[in-house]
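See below for the structure under consideration.
The values are calculated or read from the model by the stated rules, or taken from the named source; none is laboratory data. For clarity, every value in this text was computed on a predicted model and none was experimentally measured. Please note: Cβ atoms are built from the backbone with ideal geometry, for glycine as well, and neighbour counts cover all protein chains shown. The area values use the complete protein model at the heavy-atom level, side chains included, leaving out ligands, DNA and RNA. Shrake-Rupley method; radii C 1.70, N 1.55, O 1.52, S 1.80 Å.
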Amino acid sequence: MLKIVVFGAGGKAGGAAVVEARARGHEVTPLVRSAADVTDPVAVAAGAAGHDVAIAAVADAGADPAVFFRAAAESLVAGLKAAGLSRLVWVSLASLLPNSSGVPVMDTAGYPPEFQPFSLAHRAALDIIRRSDLEWVAVSPSGNFDLEGEPAGAYRLAPGDLAEHITYADHARALVDEAERAQFRRTHVGVAS
């Protein structure tokens, strides 16, 4: 049994991770923004203390993504280190994954320009995490979240492809698998149904 702290537990991805981890018998601390500001390293350290692994599925729709994701990444790196926790499972974006040709989806022709700022903000956050000494893995849908389909109860690894889909429940299975097994280290993987 692991002690898992989930930052962003009030969102769909974080909430699904809480449900999945608890179903497997892990001790889970779900943290929402009002309980632990992920952009405050002191709050991150306090929330992460005594845990084995952190899952971060964070966003703030009311904030500038360029400011929020950079601050969240810097705070997680500093706060987890202060708490003595070295393992982070970070929820990332499909747009940062390489497609089957090896090109990040956001750098391909036809990628919607209105999504670029959000993708660039996530890329900056992932770069901060990459430069840290955390044992991290980024897990994202290889495409989009399926909001209406039934969970398959499984997932597969897949390159970036916006035509792919995965339910929040199946994505959470991948997040908790990584929390348990640390199969991938210091890399970004995509998952699809």
Positions within the stretch 158-193 being of a type in the set (D, E), within 21 Å of K3 (Cα to Cα) and touching a strand residue (DSSP E or B) at 6+ places or on another chain (Cβ under 7 Å), in sequence order: E178
Of A61, A78, A23, the only residue that is open to solvent by less than 60 Å² (accessible area, probe 1.4 Å) and not aromatic (F, W, Y) is A78
Enumeration of residues in the stretch 89-102 that are closer than 26 Å to A172 by Cα and either more than 13 Å from the chain's Cα centre (by Cα) or in a loop (DSSP other than H, G, I, E, B) (or both): S92, L93, S95, L97, P98, N99, S100, G102
What number of residues within the stretch 127-140 are open to solvent by less than 10 Å² (accessible area, probe 1.4 Å) and under 18 Å from D107 (Cβ atoms)? 2
Hey, any hits in the stretch 151-171 for a residue that's assigned to a helix (DSSP H, G or I) and touching a Ser or Thr at 6+ places or on another chain (Cβ under 7 Å)? yes
Confirm whether L120 is crowded, with 19+ Cβ neighbours inside 10 Å and over 16 Å from L175 (Cα atoms). no
The one condition in (1) among the β-branched types (V, I, T); (2) farther than 19 Å from G14 by Cβ; (3) in contact (Cβ under 8 Å) with a residue 12 or more places away in the chain that V103 fails to fulfil: (3)
Selection status of A46, part of a loop (DSSP other than H, G, I, E, B) and either over 28 Å from T167 (Cβ atoms) or touching a residue at least 12 places away in the same chain (Cβ under 8 Å) (or both): no
Per the filter on the stretch 160-192, residues surrounded by fewer than 16 Cβ atoms within 10 Å (Cβ to Cβ) and β-branched (V, I, T) are T187
Could you say which residue among A192, A174, A179, A138 is closer than 18 Å to H122 by Cβ and touching a His at 6+ places or on another chain (Cβ under 9 Å)? A138
Any idea which of P112, P151 is in contact with a helix residue (DSSP H, G or I) (Cβ under 7 Å, 6 or more places away or on another chain) and either surrounded by fewer than 22 Cβ atoms within 10 Å (Cβ to Cβ) or not hydrophobic (A, V, I, L, M, F, W, C) (or both)? P151
